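Undergrad: The structure under discussion is supplied below as structure tokens; questions concerning it will follow.
The values are calculated or read from the model by the stated rules, or taken from the named source; none is laboratory data. Remember, predicted model here, so these are calculated numbers, not experimental data. Reconstructed Cβ throughout: ideal geometry from the backbone, glycine too, with neighbour counts over all protein chains shown.
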């Protein structure tokens, strides 16, 4: 399985989990990710377009349409860390009236009780973690992060694995606004 296929499979598997925004607002823990599969329950994801290192998709799951953008980091440190490829995502679920859900998949089991921190052009945010992923704690924080991402040049993500050295992933944001606009249009999200 090549890197793009892994990203798509992992992304689709993550979309089948409980919505991270719902998880942050309830006492329920997110369901563990299902094994990566290249299709959702209803079919394949449709690529809407690509801009820089960001790719926009639309898919269907049990709740209806899901639109999401996936980004790859331009740099990861340490360079030879034992991990799956990290990725950043923003997801819309109009059938559930959810938009702008921010998540980062670190590609390793994150140290329990630790946060993943992001720095977007000097604006810093801490995200809650579960397994290999991190999310904003509130829908308001999701919106703030997405707005900040759309205006910045880079986001630096710092995480701590259960074992090994902390990681730093740097994502270029030059293609993010265009990819975000594609999922906004596909899922009817107004800015």
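Undergrad: If you go through segment 40-63, how many residues are at pLDDT below 95 and surrounded by fewer than 16 Cβ atoms within 10 Å (Cβ to Cβ)?
TA: 6
Undergrad: Now a separate question. Taking residue 136, is it at pLDDT 95 or above, crowded, with 19+ Cβ neighbours inside 10 Å, closer than 26 Å to residue 47 by Cα and in contact with a strand residue (DSSP E or B) (Cβ under 7 Å, 6 or more places away or on another chain)?
TA: Answer is yes for this residue.
Undergrad: Which of the numbered conditions does residue 13 fail, given that it passes all the others? Conditions: (1) assigned to a loop (DSSP other than H, G, I, E, B); (2) modelled with pLDDT under 50.
TA: Result: residue 13 fails condition (1) only.
Undergrad: Counting only residues that are free of Cβ contacts under 8 Å to residues at least 24 places away in the same chain and in contact with a strand residue (DSSP E or B) (Cβ under 6 Å, 6 or more places away or on another chain), which one in segment 101-128 is nearest to residue 180 (Cα to Cα)? Steps first, answer last, please.
TA: Residues of segment 101-128 free of Cβ contacts under 8 Å to residues at least 24 places away in the same chain: 113, 115, 122, 124-126.
Now drop any that are not in contact with a strand residue (DSSP E or B) (Cβ under 6 Å, 6 or more places away or on another chain), which leaves 115, 125-126.
Details: 115: 25, 125: 20, 126: 22 Å.
Within segment 101-128, the match that is nearest to residue 180 (Cα to Cα) is 125.
Undergrad: Follow-up. Identify, please: which residue in segment 178-188 is touching a residue at least 40 places away in the same chain (Cβ under 8 Å) and part of a helix (DSSP H, G or I) and is, among those, nearest to residue 50 (Cα to Cα)?
TA: So the first thing to find is which residues in segment 178-188 are touching a residue at least 40 places away in the same chain (Cβ under 8 Å), and the list is 178-180, 182-184, 186-188.
Pick out the ones that are also part of a helix (DSSP H, G or I) and you get 178-180, 182-184, 186-187.
On the way: 178: 8, 179: 6, 180: 10, 182: 9, 183: 11, 184: 14, 186: 14, 187: 17 Å.
The qualifying residue nearest to residue 50 (Cα to Cα) is 179.
Undergrad: How many residues, within segment 48-72, are under 20 Å from residue 172 (Cα atoms) and part of a strand (DSSP E or B)?
TA: 12
Undergrad: To continue, here is another question. Looking at (1) in contact (Cβ under 8 Å) with a residue 60 or more places away in the chain; (2) surrounded by 18 or more Cβ atoms within 10 Å (Cβ to Cβ), which one does residue 164 not meet, given that it meets all the others?
TA: (2)
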